Amino acid sequence: MTNAPVDSNTVFEFASVSKTVFAYVVMKACEKGILDLDTPLTKYTSDRYLVGDPRLDLITPRHVLSHTTGFQNWRSKTDPLRIQFTPGAHRGYSGEGYWYLQSVLTHLAPTRRRERLQDGRRLREILPVSIGI
């Protein structure tokens, strides 16, 4: 703390508060039938977030939201991305899991947007926040 006055240029640390908002978006996507909490994420895209580990096919949105994917928190040059335990078997905080789920939602977004636009519905009717789905 600096006790400096706050103004319009003040920068605040946001930490992982955004995960709560993202979890809400995921739940709304489930409510709208875009995702299912218990369907493996690999069913939604052919892109492989991690190559060479068949346990990737077990990871669901529920695993991501409950931090049970098996991924470490963040990969690095010295600690490449890997699944450390069978998804669902243990808990382990993982930003990588959220990143993976975000990549799947991003992959789904263009298709859903086209369908909704053809349907004549506005984006905000799908989700209360505009994330492009």
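The values are calculated or read from the model by the stated rules, or taken from the named source; none is laboratory data. This structure is a prediction, so every number in the text was calculated from the model and none was measured. We place every Cβ from the backbone using ideal geometry, glycine too, and count neighbours over all the protein chains shown.
In the stretch 82-133, the residue that is modelled with the lowest pLDDT out of those that are part of a helix (DSSP H, G or I) and among the β-branched types (V, I, T) is T111. For the residues T45, T10, T2, the requirement of being within 24 Å of L108 (Cβ to Cβ), more than 13 Å from the chain's Cα centre (by Cα) and of a type outside the set (A, V, I, L, M, F, W, C) singles out T45.
Taking the listed residues T39, T10, the one that is at pLDDT 90 or above, loosely packed, with under 14 Cβ neighbours inside 10 Å and in a loop (DSSP other than H, G, I, E, B) is T39, with no other qualifying. Apart from one condition, G95 fits all of (1) out of contact with any Ser or Thr (no Cβ under 9 Å at 6 or more places or on another chain); (2) of a type in the set (G, A, S); (3) touching a residue at least 40 places away in the same chain (Cβ under 8 Å); the exception is (1). Of all residues in the stretch 50-81, those satisfying the criterion of being in a loop (DSSP other than H, G, I, E, B) and over 18 Å from K19 (Cβ atoms) are L50, V51, G52, D53, S76, K77, T78, D79, P80, L81.
The set of residues from the stretch 13-24 being part of a helix (DSSP H, G or I) and at pLDDT below 90 comprises V17, S18, K19, T20, V21, F22. Restricting the stretch 25-36 to residues that are in a helix (DSSP H, G or I) and under 13 Å from the mean Cα position of the chain (by Cα), the residue that is surrounded by the fewest Cβ atoms within 10 Å (Cβ to Cβ) is M27. Taking the conditions exactly as written (surrounded by fewer than 18 Cβ atoms within 10 Å (Cβ to Cβ), in contact with a Pro (Cβ under 6 Å, 6 or more places away or on another chain) and within 26 Å of E31 (Cα to Cα)), does D57 satisfy them or not? When the stated conditions are applied, D57 passes them.
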